[in-house]
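A short worksheet on the structure shown next.
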Amino acid sequence: MFEQDPIMRQIHDIVKAAAKMMQMNVDIESEHLVQIEDVKMQETTSELLHRLDEGGINDAENELYALLETGSLDALHAGIAFYAHLEQMDDAFLLSHDFSREEVEIGKAHLLECFGLSGTGESFFEA
């Protein structure tokens, strides 16, 4: 039954991705960028990722938070791509742009909380 319901499959995939993001054992950024259906949201997310590369991390994160308020599935995908991209940056780059590894972890937790997925990152794969 669960496997046949497309919405439940999609929720399952999102929770699985969120769990992977919390463990960061896989690069999932591009996977979530292509899953954003709204063209404007795709463009905005790409711009945010570009701003991360340029060092505008705090401003980009503030804009991401505004996107998350929509509560849309596209916003969740954007957030996962955003934090997956940040996770790949080295500590020296983050620190040189007034951001820390701890803030990345806080942001990921906030993202999950915004979508009611708090605590699923650690427990989703437990037997």
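Laboratory data are not the source of any read-out in this text; all were calculated from the coordinates shown. Just so we're clear, the structure is a prediction, and the values are computed from it rather than from any experiment. Positions of Cβ are backbone-derived with ideal geometry, glycine not excepted, and every protein chain shown enters the neighbour counts.
Could you compute the net charge surrounding residue 43? Neighbours are other residues with a C-beta less than 13 Å from the C-beta of residue 43; K and R count +1, D and E count -1.
Details: positive: 40, 51; negative: 37, 38, 47, 63, 74.
Taking every other residue near residue 43 into account, the sum is -3.
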Net charge over other residues, Cβ less than 14 angstrom from the Cβ of residue 90 (K, R count +1; D, E count -1): -2
Nearest-20 debye value, segment 43-114 charge dipole, Cβ charges on Lys, Arg, Asp, Glu: 160
Restricting segment 58-89 to GluC sites (Glu not before Pro) in coil, as DSSP defines it, with at most 16 other Cβ within 10 Å: 69
